[in-house]
Amino acid sequence: MPERTGKYTLKISNNVTIRSSVGAAGKKESEGPLGKYFDITFTDNTLGQPTWEKSESALQKTAVCELLKKNGLVNADIDVIFAGDLLNQCISSTFGLRELNIPFLGQYGACSTMAQTMAVASIFIDSGAAERAIAVTSSHFCSAERQFRLPIEYGGQRTPTAQWTVTGSGAALLDKSNGDVTVKYITIGRIVDMKVKDATNMGAAMAPAAADTLYNFFTDTDTKPTDYDLILTGDLGKVGSELLKEILQRRNINLSDNYNDCGLMIFDLEGQDVHAGGSGCGCSASVFCSYVMKQLQAGNLKNILFIATGALMSPTSSQQGESIPSIAHLLNICSNK
């Protein structure tokens, strides 16, 4: 069973392993700095589907099916799948995975969903509620634009603080095998609302939540940033990453050269014209499940913190003048290589 460490953090008692993962990415993402690390890439972001929402469902289903194939498993081998996305009622996950006939628990944490699904999967496995679980999420540029902003056909200009929603998906298989990558600690974040209302500046809205979760984790575990090979947020982008470092510096916590953000890694900010970087559920999911997992499996990274961040807003709340509450969940993940 997980054990409480400090006030906000859970220590995983048993050997919970991230056995394998699959990162899938769209055309623009595959042309970025991490393109060679993705397991699956698409040159056509429609994936042969008639709507963008169906395209995202196909993207998520493809990642899960490839994960099963990669590990020589069938659907019945999975006890539960934790899945979520950005769309209303998590329709990308629901309609994408409905034919797999795997016990399903939908999750919504906005762009923090990959950390949330992996955290819940880890707790299920550690407690004995499941032997094998899949954590998966996705996002699609066009489906997100239609829901949260304006249809892409409108041709609206993007502000310098805006981020580009990643077309991508990440799926991870968790179990109790003696694998190379294990989950050690989990910190569930608190809702933090600094009354930011600008929906084109997600980094500013989410940075305080990331700072809160990191501060709580360091306090609970009596560790510091230099104890880790990589501290990876997802996805604060350029604006949010700088704000995070500034907020933590005020608490005498210095994020040094071992800090990075998935929204900064997935695109070439200068060459690909994505303004402040990448965002969306699929951003941190595809980066973690491809590049980061490969580095952990190879032993190039030994001890990391993965903190996915999410803006808990909806078009309705924004239209009613509400602020943007945010959340960040953390996993401490280690390599045994």
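Nothing in this text is a laboratory measurement; each read-out follows from the coordinates by a stated rule. Computed from a predicted structure; not experimentally measured. All Cβ positions, glycine included, derive from the backbone under ideal geometry; neighbour counts span all protein chains shown.
Along the Cα→Cβ direction, 7 angstrom out, place labels at ASP193 and GLU242. What is the inter-label distance in nm?
Roughly 2.8 nm, to one decimal.
Taking a cut-off of 21 Å between Cα atoms, list the lysines near LYS70, but don't count ones fewer than 8 places away on the same chain.
Qualifying lysines at Cα under 21 Å: LYS36, LYS61, LYS176, LYS294, LYS337.
Assign unit charges at the C-beta atoms only (+1 for Lys and Arg, -1 for Asp and Glu), then state the dipole size of segment 183-335 relative to its Cα centre in Debye, rounded to the nearest 20.
About 320 debye.
Quick one: work out the % antiparallel among DSSP beta bridges in segment 183-335, nearest 5.
Roughly 65 percent of the DSSP beta bridges within segment 183-335 come out antiparallel.
Please report, in debye to the nearest 20, how large the charge dipole of the chain is about its Cα centre when each Lys and Arg carries +1 at its beta carbon and each Asp and Glu carries -1 there.
380
Give me, ordered by chain and number, the residues 5 or more places off LEU312 or on other chains with an amide H under 5 Å from its own placed amide H.
Here SER326, ILE327 satisfy the definition.
Helix-only estimate, please: 222 nm mean residue ellipticity of the chain, summing -39500 (n - 2.57) across DSSP H runs of length 4 or more and dividing by its residues, to the nearest 500.
Result for the chain, helices only: -9500 deg cm²/dmol.
Spelling out what I want: for every residue of segment 118-127, take phi, set θ = phi - 60°, compute 6.51 cos²θ - 1.76 cosθ + 1.60 (Karplus), and round to whole Hz; glycine and proline get x.
5, 5, 5, 4, 4, 5, 4, 5, 4, 7
With a cut-off of at most 14 other beta carbons within 10 Å, and DSSP calling the residue loop, which GluC sites (Glu not before Pro) in segment 183-283 qualify? Please list them.
GLU270
Considering only DSSP beta bridges where both residues belong to segment 13-175, give the percentage that are antiparallel (nearest 5).
Once the DSSP bridges in segment 13-175 are tallied, antiparallel ones form about 60 percent.
Assign one of three labels to segment 13-175, namely rounded, prolate or oblate, based on the Cα gyration tensor with a ≥ b ≥ c the square roots of its eigenvalues; rounded applies when a/c is under 1.5, prolate when it is not and a/b is larger than b/c, and oblate otherwise.
prolate
Nothing charged except the Cβ atoms of Lys and Arg (+1) and of Asp and Glu (-1): what's the magnitude of the dipole of segment 13-175 about its Cα centre? Round to the nearest 20 debye.
So the magnitude is around 260 debye.
Return the sequence-ordered ³J(HN,Hα) values of segment 214-230 in whole Hz as given by the Karplus equation 6.51 cos²θ - 1.76 cosθ + 1.60 applied to θ = phi - 60°, using x for Gly and Pro.
4, 4, 5, 5, 4, 5, 5, 9, 6, 10, 9, x, 6, 7, 10, 6, 8
Could you check what % of the DSSP bridge pairs in the chain are antiparallel, to the nearest 5?
65
Taking θ = phi - 60°, what integer Hz values does the Karplus form 6.51 cos²θ - 1.76 cosθ + 1.60 yield along segment 98-113, in sequence order, with x for Gly and Pro?
These are the phi-based 3J(HN,Hα) values: 4, 7, 7, 6, 9, x, 10, 10, x, 10, 9, x, 6, 6, 8, 4 Hz.
Choose one of LEU232, SER169, GLY189: the residue whose Cα lies farthest towards the positive end of the charge dipole of the chain (beta-carbon charges +1 Lys, Arg; -1 Asp, Glu; about the Cα centre).
Ranked along the dipole, the leading option is GLY189.
Where a ≥ b ≥ c are the square roots of the eigenvalues of the C-alpha gyration tensor, would you call segment 204-322 rounded, which needs a/c under 1.5, or, failing that, prolate if a/b is larger than b/c, or oblate?
Because a/c hits 1.5 or more and a/b fails to exceed b/c, segment 204-322 counts as oblate.
So which lysines pass the test for LYS197, namely a Cα distance under 27 Å, with those fewer than 8 places away in the same chain ruled out?
LYS238, LYS245
Suppose a student asked you for the relative contact order of the chain, using Cα pairs under 8 Å spaced at least 6 residues apart; what percent would you report?
The value is 25 percent.
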